[in-house]
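Comments concern the structure below.
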Amino acid sequence: MTSKVYTGEEVAQHNTRDSCWIIVHGKVYDVTEFLPDHPGGAKIILKYAGKDATAEYDPIHPPDAITKNLPPEKQLGSVDLSTVEKVEIVVREEDKIRQERFAQRPSLSEILSLHDFEAIARQVMNEKGWAYYSSAADDEITIRENHAAYHRIWFRPRILRNVTHVDWSTKILGIPSSMPIYITATALGKLGHPDGELNLTRAAAKYGVIQMIPTLASCSFDEILDAATPGQSQFLQLYVNKDRDITRKFVQHAERRGIKGLFITVDAPQLGRREKDMRQKFDAEEPDEMERNSEKVDRSQGAARAISSFIDPGLCWEDIPWFKKITKMPLILKGVQCWEDALRAYDEGLAGVVLSNHGGRQLDFARSGVEVLVEVVDKLKEKRGLAFPNDKFQLFVDGGVRRATDVIKAVALGATAVGIGRPFLYAFSSYGQEGVEKGLQILHDEFEMNMRLLGAPTMKDVVRDMVDASSVHQHIVAVPDDRLFHQNYEGIAGAQLKELKAAKESKARM
């Protein structure tokens, strides 16, 4: 059956709440009945009623999101794009300045560390993207602690070992990896670059590391899988839907597509208050009291809350047997934050846990993953006689990692591998796929140097006796200041009067 082809004039007539059509990628959709259910609120859709919404849709939705959420009868047909009135895109003065800064980026050869990507991204990203990527919970204590915790762990290098050849490759869930890292799941990649998560997929293939695909990717799941090279291994991060049938279908589809491990996020029954994100969202669009009264999601809670309303806060230990029934993939709990839960995960027969506080984006004052790692290793040895690293029950850590030395410390303490997220977001936001590749090359070079200096020819030689973690649990302790990290860290801005904010922005443009 041939779908109908509409003219732009026909679509433009449906520009009200009572009859709302939009155009996305040349297709016409009737979203009238969907307006109250849109996680981001009805107002943003009504802004594009009767118009082409592609530019607004693309950065924050997978390509197939609209077809999955609308019944077939609401997918009306195609539009003759030559007849569609173009939505005028107003380039703000701030964006012009940002574009000028983008043109002044240093060459990749001048990028020396993962910190450098963050410094450049902060200057060249748009406000919404930067606010979403960099934000963390409440006073942002935990996001800083995640990094600072590594500074309370010191090396005990060994000497006179033959390190002519060093090998930092490993296996993660039995899968070869060129480094003891994986690219951990981070949402909304297109906020930083038009290719979104595909930058990570392609770079991961080139450098032989594993990419964890996020549930809330901007690119569709199948698009990411299709971009992988033959034999490339990928994991899936899962937010569990309140509708278990949706989750079952997604998980089983992922298994059929060859996903090698299912990482179930367990630290997000509700997403945390990320005030940079919330404040940016508020500034971007003034609330409409009439609109707010009919919305199911409060948009003042920021982009993170808006895209996550489907997550089931009722997820519990009793659901684990159900996951074992629907898939044969290794099951890993992502977001474990104490030894008691790690022990139960082991007793439940899971393949491992990620000791993580969600990049500091959930509960502020949650401890760092590497601190929790120390107690988990000690307690699981005491309670179950386990030694780590352990092939049958693997420990992973994420949050705050910026150097290969951070990874080496975690491995010495018992981790199989470490997840790295934000630095790769900043890398592709600044330089695209080449930025991610450069970031992986930087880590490659750091591993080579630090393995030699530590006296460890292979990752198996990186053992507990090579680190002193006696201060890791001391949260008030003098540590050397990390100038690069704190130079990049943007403090939380308080509320400001409009006149003062306008004056500050005007001064910044001068």
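Normalised by the number of residues in the stretch 114-488, the mean separation of alpha-carbon contacts (under 8 Å, six or more apart) gives a relative contact order of 29 percent. The aspartates and glutamates within cross-link reach of K74, meaning a Cα-to-Cα straight distance under 19 Å and a gap of 8 or more places when in the same chain, are E9, E10, D18, D30, E33, D37, D52, D64. Partner aspartates and glutamates whose Cα lies under 12 Å from the Cα of K171, excluding those fewer than 8 positions away in the same chain, are identified as D391. Less than 5 angstrom separates the built amide H of G77 from those of V28, all sequence-distant by 5 or more or on a different chain. Measuring between alpha carbons in the structure, the pairs from K190/K249; K381/K460; K27/K128; K328/K460; K249/K328 lying more than 21 angstrom apart are K190/K249; K27/K128; K328/K460. Computed from the Cβ-Cβ distance with R0 of 25 Å, the FRET efficiency linking E33 to D80 stands at 0.50. For the pair K206 and I476 in one chain, pulling the backbone fully straight at 0.36 nm per residue adds 93.0 nm over the alpha carbon distance. Extension gain, D465 to K392: 0.36 nm times the residue separation minus the Cα-Cα distance gives 24.0 nm.
Straightening the chain between S309 and S169 buys 46.5 nm, computed as 0.36 nm per residue apart minus the Cα-Cα spacing. In terms of its alpha-carbon gyration tensor, the chain comes out prolate; a/c meets the 1.5 threshold, and the first ratio a/b outweighs b/c. In plain terms, the bigger the Kirkwood radius, the slower the diffusion; for the stretch 4-83, with that radius from Cα pairs, at 20 °C and 1.002 mPa s, Stokes-Einstein puts D at 173 µm²/s. By the helix-only formula, in which each DSSP H run with n ≥ 4 contributes -39500 (n - 2.57) and the sum is divided by residues, the chain has a 222 nm mean residue ellipticity of -11000 deg cm²/dmol. Site pair N15 and Q99 shows an inter-label distance of 2.6 nm when each label is modelled 7 Å from Cα along Cα→Cβ. Of the GluC sites (Glu not before Pro) found in the stretch 323-414, those that fall in a DSSP loop while having at most 14 other beta-carbon atoms within 10 Å are E348. Checked against a 23 Å cut-off, the cross-linked pairs K4/K47; K4/K68; K51/K276; K206/K392; K242/K325; K43/K68 give Cα-Cα distances beyond that limit for K4/K47; K51/K276; K206/K392.
None of the figures in this text is laboratory data; all of them are computed from the coordinates on show. Just so you know, these numbers come straight off a predicted model, no measurement behind them. Counting neighbours? That spans all protein chains shown, and the Cβs are built from the backbone with ideal geometry, glycine included.
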